[in-house]
1. From the Cα trace of the range 191-327, what convex hull volume per residue do you get, rounded to a whole Å³?
2. Extending each Cα 7 Å along its Cβ direction at residue 385 and residue 277, get the distance between those two points in nm, one decimal.
3. Can you tell me which of 378-384, 105-111 comes out highest on packing, and rank the rest after it, using the mean Cβ neighbours within 10 Å?
4. Mind ordering 189-197, 278-286 by average Cβ neighbours within 10 Å, highest first?
5. Compute the separation of the alpha-carbon centres of the range 215-242 and the range 312-373 and state it in Å as a whole number.
6. State the percent of C-alpha pairs, over all pairs in the range 85-149, separated by a distance greater than 14 angstrom.
7. Could you give the alpha-carbon Rg of the range 259-365 over 2.2 N^0.38 Å, rounded to two decimals?
8. Please give, to one decimal in nm, the separation of the simple spin-label points placed at residue 86 and residue 161, each 7 Å out from Cα toward the Cβ.
């Protein structure tokens, strides 16, 4: 006779889960490795804004000036964001010297770690390289972490919107991507990507203790995917003109060792205009969509500044970012921004679905003389009348 487990989270709410005496796999929808990967690569934010779902902030396109000698950047950086809390990140970046051919961006290698007041931590290493006169671009990430997160439910509303459930995600992860320049083009790249991770997720129910104790499950996440990108930016740290487009699709399935079977598609487009010598206008639009039996915390999320990443999630999400960047001093930059995001169960209902927006400003300092890599303190004012301060390494996009 099957034994009934307490309860588990599905797309539609609370359901009972059965596990047979013979060991039938529990249908437990869990947080995937994606957040761990995003946190790992956010340490490498200096190397780039996010180019797709899993590489997050590692890969960028072209570089402006080149380095004749390698450049090392090692700095402890205070951090604060609504998802992980406040703490310290230690980033060590090695900006490799330019190769003799002078073509392509500088390779970058980095290590880093994060610890916050929520007892979340992450440690990892990454490398990005540009080979064969920039015809091949390779990125890799490896690391581990333990994240203390919150589940708000779906659609930006419901039982947990105001009283989220706490859970812990412990996971190790590896990611690899190789992009080839498409023949006859200057800025188009395409290629495969692989992701694999193992870990454990445990959800706590403080509202129901001691009647309902914490529930945990070991999980594995594996995916193979395809990535297409276009990049004509003039600088990979502080773009002043050009465009950046990326499209990615990932298949989570048994083929790649995954406990879950679903697909994930992501689109992102950024455009930059140099209005004057000191002023840059930038706009970014990104969308995300899941198909199949998507685990509840792999649902699509808006990336509106000032909100916990799990606050607005559903089957489809879209976010628009607008920024004005004013370099009033060779090493100081003022930023103003507006973000607006939407979520919905269906793409054709997206603009009428739940939404969130914020406005904000920030002051950024260029950390090195050779590269326009900025460290800044930003503040976001949300539609919920919250004021949220956070520290940003590198540009948001």
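1. Working: hull volume 19.0 nm³, N = 137.
That works out to 139 Å³ per residue.
2. About 4.6 nm, to one decimal.
3. The peptides rank, most packed first, as 105-111, 378-384.
4. Working: 189-197: 19.7, 278-286: 17.2.
Packing order, densest peptide first, comes out as 189-197, 278-286.
5. Measuring centre to centre over Cα atoms gives 17 Å.
6. Details: 1323 of 2080 pairs.
Roughly 64 percent, rounded to a whole number.
7. Details: Rg = 16.4 Å, N = 107, 2.2 N^0.38 = 13.0 Å.
Ratio of Rg to 2.2 N^0.38 Å for the range 259-365: 1.27.
8. Label at residue 86, label at residue 161, 2.9 nm between them.
Only the coordinates and a few stated rules stand behind these numbers; no lab work does. Quantities reported herein were computed from a predicted structural model and do not represent experimental measurements. Counting neighbours? That spans all protein chains shown, and the Cβs are built from the backbone with ideal geometry, glycine included.
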